[in-house]
Amino acid sequence: MEHKLNDQEINKRNKLQRLQTENKDPFVITKFQRNFNTASFKTAFEKFSKEELHENNSSILLAGRIMAIRQTFGVIKDFYGQVQFYINKKKHEEVFNIFSKDIDIGDIVGVEGTPMKTNTGEITININKITLLSKSLKPLPEKWHGLQDEELRARHRYIDLIMNEESMKTFVTRSLILKEVRNYMDGLGYLEVETPVLHPILGGAAAKPFITHHNALDRNYYLRVATELPLKQLIVGGFEKVYEIGRIFRNEGMDATHNPEFTTIEAYEAFISMWEVMELIEGIFKHIATKLNKLKITYKEKEIDFTQPFKRINMLDFIKEKTNIDFNQMSDAEAIKLAKERKIELKAHEITKGHVINLFFEHYCEHECIQPTFVYGHPIEVSPLAKKNPKDPRYTDRFELFIVGKEFANAFSELNDPIDQLERFKQQLSERKLGNEEANEIDHNFVEALEYGMPPTGGLGIGIDRVVMLFTNQEVIRNVLLFPHMKDEK
């Protein structure tokens with residue numbers, strides 16, 4: 001459908017056509033040499049008085065987007081902030097004519113001038129030359145209201161970044177979080193690696209996959225739902241500390257905390273258990289909080305304190321604390337009966353006590369984890385890749401980290417018994433036949449790798465997007481994704 005131009009768009013195109021006719025086409029310019037950005041300009045000259053700057057002839061070359069125009073004044077914005085500029089109409093009449101005749105809000109320009117302060121003390125560039133570098137052919141949203149609609153902000157992220165300073169800060173913070181996670185892991189001697197995005201076998205997590213076709217090999221592949229199995233094969237191969245930060249793809253629902261394409265870090269270390277992994281995860285979160293100067297934050301009106309030790313609690317004990325129900329000595333039949341009495345829906349593949357325990361935790365306990373809380377001791381039915389607890393093989397040495405009622409990390413002492421692993425995979429196939437689309441397939445290559453011997457290993461997975469949401473106080477995941485998936489516009 002052809003877009004019908006409005007009056008502002010027509011006017012902008014007419015200006016561009018006139019400039020091109022006059023041999024002033026901004027789009028032929030390839031470079032503008034800058035010696036300042038908005039932040040470095042302010043840092044260099046804000047400390048001087050108006051009188052001192054009157055005598056200062058420092059040459060300023062700065063470029064950015066025009067955000068406001070008011071007679072002989074304007075505001076220019078770049079990545080680092082924005083600053084006011086001024087044109088002395090009497091002294092620079094030709095420059096003012098170019099400014100008033102050729103340039104609109106939204107255009108990208110280069111300016112040259114000297115520093116000054118206005119009568120109100122605002123640091124300003126007193127310009128003697130302005131160069132149009134790119135013509136904006138669409139008007140920006142109205143200044144005071146900006147771009148407030150969250151769906152439009154996500155769909156047109158570039159406008160959101162132009163108009164909303166807080167949005168820009170969110171994504172700068174995201175980049176900083178990724179940087180600091182890497183710094184922390186590298187500092188502990190972990191090696192960053194890359195593993196395939198296309199997997200021949202569905203495995204590494206309970207998730208519904210995307211499927212694509214490899215033409216050269218004439219076979220279907222899954223977009224990875226986790227990086228776990230290849231990373232553990234590297235532990236078999238002799239690496240002792242590895243991690244990967246990368247995109248994961250799960251063909252599931254979209255809501256405030258889920259997007260089908262998201263970022264995780266997974267890390268594995270030989271010769272440690274889940275208890276050492278707890279220390280590692282707590283260290284990662286406290287490192288991020290320290291670097292962001294956010295050891296105490298408010299999220300959804302809840303104060304989170306990263307200066308305190310993270311709470312640790314067994315899943316069965318947690319359920320008993322909240323419901324006064326002790327599943328430990330209960331049979332499968334008794335657990336299933338209890339679930340039905342509590343009106344907790346069980347799917348066909350969930351007719352076991354282990355699944356009931358997990359559902360009771362999700363229903364009665366998960367939302368209670370406001371401060372950082374490690375919940376450990378998951379049933380074996382929901383933990384196909386975790387090592388059995390040596391004291392009670394019905395449960396695994398697995399834990400999850402919850403903050404403000406949401407899962408942020410999943411970790412365990414890795415299952416390294418190839419015979420047990422094969423049996424777990426077979427159990428997953430049984431669940432798949434009962435309708436569990438998220439069940440793992442049997443990865444015979446992975447089982448074969450385990451047969452060569454994998455040392456006792458601790459592993460973790462952390463959802464980076466949720467970490468960014470937490471530290472930027474965002475309640476919707478698409479607000480921390482530069483380009484989230486969206487429904488088609490109607």
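The values are calculated or read from the model by the stated rules, or taken from the named source; none is laboratory data. All values derive from a computational prediction rather than experimental measurement. Cβ: placed from backbone, ideal geometry, glycine included. Neighbour counts: every protein chain shown. Surface accessibility is based on the protein's heavy atoms, side chains included, excluding ligands, DNA and RNA. Shrake-Rupley method; radii C 1.70, N 1.55, O 1.52, S 1.80 Å.
Roughly speaking, what is the stretch gain from residue 321 to residue 210, that is 0.36 nm per residue apart minus the C-alpha to C-alpha distance, in nm to one decimal?
36.0 nm
DSSP loop trypsin sites (Lys or Arg not before Pro) in segment 380-477 with at most 10 other Cβ atoms within 10 Å of their Cβ, which ones?
Listed in order of number, the matching sites are 391.
If each of residue 391 and residue 293 carries a label point 7 Å out from its Cα toward its Cβ, how far apart are those two points in nm?
4.5
Just to confirm a number: summing +1 for Lys and Arg and -1 for Asp and Glu over residues other than residue 24 whose beta-carbon lies under 12 angstrom from that of residue 24, what do you get?
+1
Please compute the length gained on full extension between residue 475 and residue 70, using 0.36 nm multiplied by the number of residues separating them and subtracting their Cα-Cα distance.
Gain on stretching residue 475 to residue 70: 142.1 nm.
Using 0.36 nm per residue, how much length does the chain from residue 24 to residue 308 gain when fully extended, once their Cα-Cα distance is taken away?
Residue separation times 0.36 nm, minus the Cα-Cα distance, leaves 96.0 nm.
With a cut-off of 8 Å between alpha carbons and a minimum separation of six or more residues, what is the relative contact order of the chain in percent?
The normalised contact order for the chain reaches 13 percent.
Set the Förster distance to 51 Å, then compute FRET efficiency between residue 55 and residue 256 from the Cβ-Cβ distance, nearest 0.05.
Taking R0 as 51 Å, the efficiency between residue 55 and residue 256 is 0.35.
Can you order the peptides 132-138, 62-68, 22-28 by their average number of other Cβ atoms within 10 Å per residue, highest first?
Final packing ranking: 62-68, 132-138, 22-28.
With the Cα gyration tensor of segment 150-277 giving a ≥ b ≥ c as the square roots of its eigenvalues, does the rule (a/c under 1.5 for rounded; else a/b larger than b/c for prolate; else oblate) give rounded, prolate or oblate?
Judged from the Cα gyration tensor, segment 150-277 comes out oblate (a/c at least 1.5, b/c at or above a/b).
Which of the GluC sites (Glu not before Pro) found in segment 95-167 are loop residues per DSSP with 11 or fewer other Cβ atoms within 10 Å of their Cβ?
Hits after loop and neighbour filter: 142.
Taking segment 87-191, which chymotrypsin sites (Phe, Trp or Tyr not before Pro) meet the DSSP loop condition and have no more than 15 other C-beta atoms within 10 Å?
144
Please give, to one decimal in nm, the separation of the simple spin-label points placed at residue 448 and residue 301, each 7 Å out from Cα toward the Cβ.
5.8
Quick one: which residues, 5+ away or cross-chain, put their amide H under 5 Å from the amide H of residue 437? H built at 1.01 Å from N.
Here nothing satisfies the definition.
Whole-Hz ³J(HN,Hα) for each residue in segment 455-467, computed from phi via Karplus 6.51 cos²θ - 1.76 cosθ + 1.60 with θ = phi - 60°, x for glycine and proline: what do you get?
Couplings: x, x, 9, x, x, 8, x, 10, x, 5, 4, 5, 4 Hz.
Could you derive backbone 3J(HN,Hα) for segment 434-450 from the dihedral phi with the Karplus parameters 6.51, -1.76 and 1.60 (θ = phi - 60°), listing whole Hz in sequence and x where the residue is Gly or Pro?
8, x, 7, 6, 9, 5, 6, 8, 7, 9, 5, 5, 5, 4, 4, 4, 4
Return the distance in nm (one decimal) between the two label points of a simple spin-label model at residue 347 and residue 433, each offset 7 Å from Cα along Cα→Cβ.
Those two pseudo-labels are separated by 1.8 nm.
Long-range amide H contacts for residue 85: which residues qualify at under 5 Å (H placed 1.01 Å from N, peptide plane, sequence gap of 5 or more or a different chain)?
74, 75, 76, 125
In terms of the Cα gyration tensor, with a ≥ b ≥ c the square roots of its eigenvalues, is segment 221-302 rounded because a/c is under 1.5, prolate because a/b exceeds b/c, or oblate?
Verdict is oblate for segment 221-302.
Which of rounded, prolate, oblate describes segment 320-403, given a ≥ b ≥ c as roots of the alpha-carbon gyration tensor eigenvalues and a/c under 1.5 marking rounded, otherwise prolate only if a/b is larger than b/c?
oblate
Could you go through segment 170-175 in sequence order and give the Karplus-derived ³J(HN,Hα) for each residue, using 6.51 cos²θ - 1.76 cosθ + 1.60 with θ = phi - 60°, rounded to whole Hz, and x for Gly and Pro?
So the Karplus estimates, Gly and Pro as x, are 4, 6, 5, 5, 4, 4 Hz.
Hey, if we sort 282, 55 by accessible area with the 1.4 Å probe, largest down, what's the order?
The ranking, largest first, comes out as 55, 282.
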